[in-house]
Amino acid sequence: MSQSALDDDELFDEIASETRREVEEALEQAYDALPAADAIWDVEGGNSLGMLNGLKAGLDVGAAESHLRDAKKSFLMGQRADAFDDADDLEADIADLEALIGSIEDAHEMAGDLASTIPELKSDLDALHGDEGEEEEEEEE
């Protein structure tokens with residue numbers, strides 16, 4: 001085998017290791033960017049709307065999506081170049097992280113929808129009970 005071919009193989013092995021490291025680092029950054037469990041469990045608010053807004057804020061995935069995208073780009077590049085001896089663990093980690101981010105985004109949207117609905121619902125209930133209160137006052141007179 002020529003020295004040039006040996007150097008190319010060494011370079012490819014080095015690139016494969018660097019690419020794997022890039023994927024692992026991007027995944028780690030994505031996990032670190034996700035909200036802490038306490039951020040969605042220990043929510044404070046003066047009322048249900050405040051609590052829902054706090055929950056919605058706690059369910060922000062932040063930069064996790066960007067880091068996941070970086071991990072996927074590096075992974076796909078390495079996978080297509082056949083640079084990984086065994087990439088099943090990386091592929092599983094990426095899939096798990098995608099699912100987790102999707103769940104957090106779904107919960108964020110639900111909390112936002114509920115937070116948007118609560119003021120209208122309160123207003124409708126106030127109007128209903130306000131009308132009942134007026135009827136009771138008229139009956140007493």
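The values are calculated or read from the model by the stated rules, or taken from the named source; none is laboratory data. Everything numeric here is computed off the predicted structure, so don't read it as measured data. Heads up, the Cβs are rebuilt from the backbone with ideal geometry, glycines too, and the neighbour counts pull from every protein chain shown.
Structure values in brief
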| quantity | calculated |
| --- | --- |
| Pairs where the first residue, in the stretch 73-87, is farther than 14 Å from Asp13 by Cβ and the second is surrounded by 14 or more Cβ atoms within 10 Å (Cβ to Cβ) and at pLDDT below 90, C-beta under 9 Å, 6+ apart | Phe75/Phe84; Met77/Ala83 |
| Check on Asp106, over 30 Å from Glu14 (Cα atoms), part of a helix (DSSP H, G or I) and not small (Gly, Ala, Ser) | yes |
| Residue within the stretch 9-16 that is crowded, with 16+ Cβ neighbours inside 10 Å and assigned to a helix (DSSP H, G or I) present | yes |
| Close pairs from the stretch 92-115: first within 15 Å of Met51 (Cα to Cα), partner part of a helix (DSSP H, G or I) and among the β-branched types (Val, Ile, Thr), Cβ under 6 Å, at least 6 apart | none |
| Single unsatisfied condition, Gln3 versus (1) surrounded by 12 or more Cβ atoms within 10 Å (Cβ to Cβ); (2) of a type outside the set (D, E, K, R); (3) at pLDDT below 95 | (1) |
| Neighbours by Cβ (under 6 Å, 6+ apart or cross-chain): first from the stretch 11-32, under 15 Å from Asp86 (Cα atoms); second among the aromatic types (Phe, Trp, Tyr) and surrounded by 16 or more Cβ atoms within 10 Å (Cβ to Cβ) | Val23/Phe75 |
| The stretch 33-66, subset β-branched (Val, Ile, Thr) and touching a residue at least 24 places away in the same chain (Cβ under 8 Å), residue farthest from Asp82 (Cα to Cα) | Ile40 |
